[in-house]
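A short write-up of the structure that comes next.
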Amino acid sequence: RAKTDGRGIFRVYSPEMGSNMRRYHYLLEELRLALASQNFTLSFQPIVHVEDCSIDYFEALVRWSHPIEGNISPAEFIPIAEESNLILELGDWILHEACRQMSAWYNAGMRKVRISVNVSAVQLKHRPIFNWVMATIDKVGLPAHALMLEITESCFIEASDVVIQELEKLRQAGVLIAIDDFGTGFSSLSTLAELPIDIIKIDKLFIDQANDNPKYNKILNSISELGKELDLKVVAEGIEHANQFELVKKLGIQCVQGYLVSRPETSRNVGNKVLSGNLNHIAATGTGVWLP
Ligand code: C2E
Ligand code: MG
Ligand code: MG
Ligand code: MG
């Protein structure tokens, strides 16, 4: 038996593939059950301004705690949810839950921080994106400007004109749009001028390479310059070490996300840390500890 792997690469059947297929079908069934029993939670990771380490926004990241397997990474189950369209139901829950949580924080005084939600290509294709988002924020009473959507670069490449128009309508309503995992999707740089976006999130890959490889360093610098020219905010993902922080600071990148600042946290921890201190300006020390 032979199969293409979705990227058109021809593969001969191997035993390893058999076990991958078993895992796939197992997780697919388990995902269905988990959706029915609402076995998901959200974690929140702060993205901070390089200048003063104040929080710009929180990225909502879905977590699945499986009764037997323990925590299963979204990097493993999100693609399965996408291929099976289960991401539609899961994504509805994620958007609603992220907005509900942000609305509670907003009402508790967290006014300058936004919530950011990852949206996948399947959702853009099957949900009337403008009405879906507006209805959700209306329901939980969240102002549009407190919400941002993260859409991967590869997703933008596939997006139809209708989807692009829907996203532009959302922007006009005040919702921010970020291009996620930028640099991995092979879009031409000129499309940046056409896309309805406010923020560029540079993929962790570039950060990982930048201190050792001058070419990556130069690419980072160019993206940073381009961001300034096009009036887009630039975020560097995956900052783990102080020297990476220093580098992106030197390159003029405005915001960072990474374990150096904070790992994704439970809503409860965020509430305790953020709401106990100065509500709008929480300093991160660069060692993973937040100062109130
Ligand atoms: P992403 O949207 O690029 O999210 C950033 C990922 O990088 C998160 O992984 C985050 O925990 C991780 N990360 C942040 N800082 C660091 C760091 O310093 N070092 C390292 N090694 N990793 C860091 P996570 O939560 O495992 O999510 C992986 C991917 O799964 C996400 O990448 C996103 O593509 C997808 N995903 C997660 N949650 C959702 C969701 O709610 N909806 C959708 N559609 N996709 C999601
Ligand atoms: Mg993201
Ligand atoms: Mg990302
Ligand atoms: Mg990523």
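Calculate the length of the line joining the C-alpha centroid of segment 96-157 to that of segment 223-275, in whole Å. Each part's Cα centre sits 20 Å from the other's.
About the Cα centre, and with charges only on the beta carbon of Lys, Arg (+1) and Asp, Glu (-1), how big is the dipole of segment 13-167? Nearest 20 debye, please. Could the numbers behind the result be given before it?
Numbers: 11 positive and 20 negative charges, 98 e Å.
So the magnitude is around 480 debye.
Based on other C-beta atoms within 10 Å, arrange Arg263, Arg114 from fewest to most.
On the way: Arg263 12, Arg114 21.
By the 10 Å Cβ count, ascending: Arg263, Arg114.
Of all the options Ile223, Ile47, Ile115, the one that moves most in a Gaussian network model of the chain with Cα springs shorter than 10 angstrom is Ile223.
Give me Ser188, Ser103 ranked fewest to most by other Cβ atoms within 10 Å of their Cβ, as a rough exposure proxy.
On the way: Ser188 8, Ser103 19.
Listing Ser188, Ser103 from fewest to most nearby Cβ atoms yields Ser188, Ser103.
List residues of segment 33-49, by number, whose backbone nitrogen lies under 15 Å from a label position 7 Å along Cα→C-beta of Ser84. The answer is 33-40. Of the residues Lys125, Lys233, the one with the fewest other Cβ atoms within 10 Å heads the list, and the complete ranking is Lys125, Lys233.
What does the helix-only formula give at 222 nm for the chain: each DSSP H stretch with n ≥ 4 adding -39500 (n - 2.57), the total divided by the residues, and the result rounded to the nearest 500 deg cm²/dmol? Please list the in-between numbers first.
Numbers: 11 runs with 133 residues, N = 292.
It lands at -14000 deg cm²/dmol.
Most simply put, segment 47-163 has about 40% antiparallel DSSP beta bridges, counting only bridges with both residues inside it.
Simple rule: put +1 on each Lys or Arg Cβ and -1 on each Asp or Glu Cβ in the chain, find the dipole, and look at Asn131, Asn243, Pro67; the Cα lying farthest toward the positive end is Pro67.
How big is the dipole moment of segment 53-145 about its Cα centre under a simple scheme where the beta carbon of each Lys and Arg is +1, that of each Asp and Glu is -1, and everything else is neutral? Debye, nearest 20, please. Kindly include the intermediate steps, with their values, before the conclusion.
Details: 8 positive and 10 negative charges, 98 e Å.
Approximately 480 debye in magnitude.
Dipole of the chain computed with +1 at Lys/Arg Cβ and -1 at Asp/Glu Cβ about the Cα centre; of Asn39, Gly91, Ser160, farthest Cα towards the positive end is Asn39. The dipole here belongs to the chain: it is taken about the Cα centre, uses +1 on the Cβ of Lys and Arg and -1 on the Cβ of Asp and Glu, and is about 400 debye. Near Gly238, once Lys and Arg are set to +1 and Asp and Glu to -1 for all other residues with Cβ below 13 Å from its Cβ, the sum equals -4.
Per residue, the average separation of C-alpha pairs within less than 8 Å and at least 6 apart gives the chain a relative contact order of 18 percent.
So if a site counts as exposed when it's one of the chymotrypsin sites (Phe, Trp or Tyr not before Pro), its DSSP state isn't H, G, I, E or B, and it has at most 12 other Cβ atoms within 10 Å, what's the longest stretch of the chain without one? Before the final figure, lay out each step's value.
Details: sites that count: Tyr13, Phe186.
That would be 14-185.
Compared with the alpha-carbon gap, the fully stretched path from Leu28 to Ser190 is longer by 54.5 nm at 0.36 nm per residue. What the Cβ-Cβ distance of Asn71 and Lys250 gives, at R0 = 41 Å and to the nearest 0.05, is a FRET efficiency of 0.70.
Extension gain, Asp92 to Lys218: 0.36 nm times the residue separation minus the Cα-Cα distance gives 41.4 nm.
Read-outs: derived from the displayed coordinates by stated rules, not from any lab. Note that the structure is predicted; figures quoted are calculated from it, not measured. No Cβ is skipped: glycine too gets one built from the backbone with ideal geometry, and neighbour counts run over all protein chains shown.
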